[in-house]
Amino acid sequence: MRMRKKRRCAERLSALSSIFCQNVADFDNDRDLVFDKTRPVRVEIGCGKGDFICEMSKVEPDYNYFALEKVSDVIVLAAEKYASSRGLGALSPHGFWTGPDGHVYEDEHWDIPIDLRGNVRFIVGDARETDSMFRPSSIADIFANFSDPWSKKSQADRRLTSPVFLKKYNDLLAAGGTFRFKTDNIDLFEYSLETVRASDLELVYYTNDLHSSEKNEGNIQTEYERNFSAKGFKINYLEAVKK
Ligand SMILES: C[S@@+](CC[C@H](N)C(=O)[O-])C[C@H]1O[C@@H](n2cnc3c(N)ncnc32)[C@H](O)[C@@H]1O
């Protein structure tokens, strides 16, 4: 995702650092430091501007969620969208986070009480490093939505459904956990069907037209999904399970 540099990105990230988390594995002995309640954990890889994670975490609240995104200028928008959707304030027209009590966090971290932080934490990082972020077999579901197609053959390893990434997902998922992938890009989808079939995950469902399928009920659309769908593109979807 190309994104112009965000005004005061560092200050904005710092204001909401209570809902960010870098290395989840570090907190394993004391999960209470991350979430107020222990729940099964879901991860979205490449959360973009956060529409999916904000909606999913509300509609299916019995999970704790991590939203991973490598671009700071993008994840800051996702975190702010989530924080304002949970009544934690808003970005002021001057570009500073303003809490619900009117306090302006100009250059200051806000220690949000854990019971107000809700069930999503954001991670600025690369999916290549997920094995240092999470413990093996600790994740209930992994979502990857509209990831970059990296169309050149020489860049295939960067695709989030390349064998390298599928091996990581398989290691992170608990038995019975799912990997769910959506894309408008048919070449990437066909590639992904092949790599999933060749992986240790079991392909259990796929469709070339998610919005006309039985899986459409309960489907939560992402920013890219709405844009592509409005332009007439069909949305491809696959689901694979850790054996
Ligand atoms: C095309 S956008 C899609 C955003 C959102 N998921 C949606 O469907 O609207 C892909 C996003 O994934 C992020 N991304 C791509 N590769 C990544 C990686 N290896 N680790 C973390 N984030 C990644 C990009 O920075 C970008 O924000």
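The values are calculated or read from the model by the stated rules, or taken from the named source; none is laboratory data. Model, not experiment: these values are computed from the prediction. Note that each Cβ is placed from the backbone with ideal geometry, even for glycine, and that neighbours are counted across all protein chains shown.
Among the residues of region 208-228, those identified as among the hydroxyl-bearing types (Ser, Thr, Tyr) and either touching a residue at least 40 places away in the same chain (Cβ under 8 Å) or buried (at least 18 other Cβ atoms within 10 Å of the Cβ) (or both) are Thr222, Tyr224.
For (1) within 16 Å of Ile139 (Cα to Cα); (2) in contact with a Ser or Thr (Cβ under 7 Å, 6 or more places away or on another chain), each residue gets a yes or a no:
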{"site": "Ser17", "(1), (2)": "no, no"}
{"site": "Val24", "(1), (2)": "yes, no"}
{"site": "Asp51", "(1), (2)": "no, yes"}
{"site": "Ala83", "(1), (2)": "no, no"}
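Has region 153-161 got any residue that is touching a residue at least 12 places away in the same chain (Cβ under 8 Å), touching a Ser or Thr at 6+ places or on another chain (Cβ under 6 Å) and buried (at least 18 other Cβ atoms within 10 Å of the Cβ)? Yes, the conditions are met somewhere in region 153-161. Considering the conditions (1) within 11 Å of the ligand (Cβ to nearest atom); (2) under 21 Å from Glu60 (Cβ atoms), Asn185 is excluded by exactly one of them, (2).
For region 160-184, residues that are over 19 Å from the mean Cα position of the chain (by Cα) and not hydrophobic (A, V, I, L, M, F, W, C) total 2.
Out of Arg180, Arg197, one residue alone is without any contact (Cβ under 8 Å) to a residue 40 or more places away in the chain and among the basic types (Lys, Arg). It is Arg197.
Within region 202-243, the set of residues being more than 16 Å from the ligand (Cβ to nearest atom), part of a strand (DSSP E or B) and under 20 Å from the mean Cα position of the chain (by Cα) comprises Glu239, Ala240, Val241, Lys242. Among the candidates Ala78, Ala90, single out the residue that is surrounded by 19 or more Cβ atoms within 10 Å (Cβ to Cβ) and among the small types (Gly, Ala, Ser). That would be Ala78, the only listed residue that is surrounded by 19 or more Cβ atoms within 10 Å (Cβ to Cβ) and among the small types (Gly, Ala, Ser). Scanning region 41-67 for residues that are within 9 Å of the ligand (Cβ to nearest atom), farther than 21 Å from Leu173 by Cβ and of a type in the set (D, E, K, R) yields a count of 2. Filtering region 16-40 to residues that are modelled with pLDDT under 95, away from the ligand (no atom under 16 Å from the Cβ) and aliphatic (A, V, I, L, M) leaves Ala25, Leu33, Val34. When Gly99 is tested against (1) in contact with a Gly (Cβ under 7 Å, 6 or more places away or on another chain); (2) within 15 Å of Ala10 (Cα to Cα), exactly one condition is not met: (2).
Does Arg180 fit the bill of being part of a strand (DSSP E or B), within 15 Å of the ligand (Cβ to nearest atom) and charged (D, E, K, R)? It is true that Arg180 is part of a strand (DSSP E or B), within 15 Å of the ligand (Cβ to nearest atom) and charged (D, E, K, R). So, in region 132-159, of the ones that are of a type in the set (A, V, I, L, M, F, W, C) and near the ligand (Cβ under 10 Å from one of its atoms), which residue ends up farthest from the chain's Cα centre (by Cα)? In this case the residue turns out to be Trp150.
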